């Protein structure tokens, strides 16, 4: 069974969107801003909290706070590279978030790389 539930679109018969009262979007890296903005547009008229970056202690604390404040109807959307999304999903599940409350959108995010030096 696939561990991830991929992003759907509001307006479809998707109960995740229909039953969601408020949403937290966590995007990992600037390469995900476009996808997060599209999601924000689709959720117009609903209460949405967008956590950019998703890395670092401040962003982790914001995610923990969102989980702690969650009530019936809360949904979590994770957007980013597979390793970031997987780690955040595991943290959320460990904190008590139900798998059905989480959506993921794995995006091919450019990563910094070390320049390989040529040696003669």
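Coordinate-derived values only; no laboratory data. None of these values were measured; they are calculated from a predicted model. For neighbour counting, all protein chains shown are included, and Cβ atoms are generated from backbone atoms with ideal geometry for every residue, glycine included.
Please compute one quarter of the surface area of the Cα convex hull for segment 24-106 and express it in square nanometres.
With the hull built on Cα positions only, its mean projection is 5.0 nm².
Mind giving me the FRET efficiency for residue 98 and residue 52? R0 is 30 Å, r the Cβ-Cβ distance, nearest 0.05 is fine.
The value I calculate is 0.75.
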